[in-house]
Every structure is written in C-alpha cells, then in structure tokens.
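The next block holds one structure in the form of structure tokens; read it before the comments.
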Amino acid sequence: MCDNNRIGKTIGRGLDQYGISVNDRFPVQVQIIPPSRVRREECPFTGEHLSHGEMYPRGLTPRHTKESVYQAFINPADDTRCGICNCELDHQTINMFRHNRREVAYRFCPDCRDYFALMAAVVHGDPVATKVMRSEQTAISYQPVNQITYEPQETVDDIINMAPRPLPVRRLS
Ligand SMILES: [Zn+2]
C-alpha cells in the first residue's frame, strides 16, 4: 500500500520550497477539511485522537484516519467518484481500485490524493508539512472590514411583492 506519510512529506517540502500556501494548492480540499482540523495524532475526518496502534498498525503502512473512516473510503457506495470532493474519477483510477480494494489512494482524484498525503505527514508530526498546513492564515487576502458596506436595496415588502404569484388553477374540463 502506498505510504501517504512519506508522499506527504515530499509534497510539504515542495510547497514550502516554492512558498505555495495550502489554500492556493488545494482550494477545493481546504473547504472540505479545513487545515485547522488537521492536527498531530488526530483523525482529520472525525477529530478523534489516534492511538499509536491506530497510526502504526502491525504489518501495514502507517495510517492517519480512524479505522471506520478508512473502511468507509474502501467500501464506497459509488467507486466512480472521489471519496473526498465527490468529483468523477478517471477510468484508470477506478480500475486500479477495482483491482486493489485496500488501496485508499485509488479512491481519490489527484488533488485530494495529494491533500490526503499531506494530511498524513501532519498527523504523523512532520514539521515542514505542519508549517505548510498552517500557511493558510497568511495566504488568505481578507477584504478590509471598513470596505464592506451593507446597503439594503429593498424593503421586506418589496421582496414579498417580487415573489412569484401562484398560477391560477385551471379547471379540468
Ligand atoms: Zn477529489
């Protein structure tokens, strides 16, 4: 099985080297699993603490999710869609999964696969991946509060009057 922790370390180093924030690299994924929820020794999907035994199952590659989450990924209702963002998977990925139903990486689109691996490195305590995952705070360009204005254009009465009226009921002849 592929070692997400090792792949995630490599992804983290690449992003750090080029100064790319996690928001810029994974705009879809950070909306689904916010970086603030990705923490050392915690399942990013349930927020629960992961024991050493859960993270390093004997004879298997390291994990960074609860067993129930892993099982849900590898037993999908629909294996043609990404387990994280729900986009359509390419045929090659679908076929790879159908030939190896324990490989969770085949349940994700390429970007979700990379984000999943980066999460693995953070959960396993890699400092560079953690730094990258925390980079989101500086990357978001907030609109200054004093530029946000709220000018109600319509009164509640206007809105009610704009609502479509029910069609007149025609009698069946
Ligand atoms: Zn995806």
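Taking the Cα centre of the stretch 19-120 as reference, the dipole from Cβ charges on Lys and Arg (+1) and Asp and Glu (-1) amounts to some 220 debye.
Give me the net charge for the shell around ASN4: Cβ to Cβ below 11 angstrom, other residues only, Lys and Arg +1, Asp and Glu -1. Within the 11 Å Cβ shell, the charges total +1.
With the simple model of a label 7 Å out from the Cα in the direction of the Cβ, TYR56 to GLN92 spans 3.5 nm.
Every read-out reported here was derived from the displayed coordinates using simple, explicitly stated rules and does not represent laboratory data. Predicted model, so just to flag it, every value in this text is computed and none were measured. Using ideal geometry, Cβ is built from the backbone for each residue, glycine included, and neighbour counts are taken over all protein chains shown.
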